[in-house]
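Notes follow the structure.
Nothing in this text is a laboratory measurement; each read-out follows from the coordinates by a stated rule. Model, not experiment: these values are computed from the prediction. Note that we place each Cβ from the backbone using ideal geometry, even for glycine, and neighbour counts take in every protein chain shown.
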Amino acid sequence: MYCLDCNLDAFCFYCRSSKHKDHPVIQIRRSSYHDVVRVGEIQKFIDIDGVQTYVINSARVLFLNERPQPKGSSKGGGGGGGGVSHICEICGRSLLDPFRFCSLGCKLVGIKKNKDASFILDVRKNNVEVMRGDHDEGRSREEGQLMREGTQHHMYPLITSPPPSSINPRRRKGIPHRAPFGT
């Protein structure tokens with residue numbers, strides 16, 4: 001997790017409750033060996049328009065870094081990506097929908113290269129959403145708090161020891177049984 005107010009090093013889920021309780025936080029997760037961020041967490045702070053989102057474990061996420069094209073598929077449309085009309089402007093990865101980039105990293109390269117995109121949120125768009133949601137603010141704050149607290153447990157359930165069984169864990173080995181001979 002990273003605190004957007006403090007701009008310090010990463011911290012764990014348990015440190016958040018003591019030092020960063022009311023701070024805006026983004027949690028970076030791993031999915032299939034790639035770093036992802038939940039769309040609901042990051043879209044409040046940066047503009048993610050043009051970046052392909054995916055649903056993984058029932059959570060809408062986007063990738064932080066460029067993902068290499070799978071082996072066997074080529075940019076020209078030979079292997080697995082034949083007939084794909086949407087590709088990332090930076091790395092050429094095939095996209096599912098008419099997006100411009102496959103990840104935030106590719107969007108950053110696109111911003112540096114073309115200067116026609118930005119991570120800055122449109123203030124007018126946010127003001128309209130805030131004005132529209134004023135009467136539900138109390139409820140949405142509670143829901144947001146529940147989502148933040150439940151985020152860790154929903155995506156990565158706590159690994160606990162198995163429940164104690166009724167069998168004595170120190171029982172002696174029984175009588176050995178030999179495998180039957182095949183005839």
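Okay, here's what the table says:
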quantity	calculated
Order of LYS21, LYS107 under a 10 Å beta carbon neighbour criterion, fewest first	LYS21, LYS107
Ranked list, fewest to most other Cβ atoms within 10 Å of each Cβ, for VAL55, VAL61	VAL55, VAL61
Least to most buried among CYS6, CYS12, CYS91, CYS106 (fewest other Cβ within 10 Å first)	CYS12, CYS6, CYS91, CYS106
Separation in nanometres of the label points that stand 7 Å from Cα toward Cβ, at ALA10 and ASP22	2.8 nm
Simple label model, 7 Å out from Cα along Cβ direction - ARG30 to ASP47, nm	3.4 nm
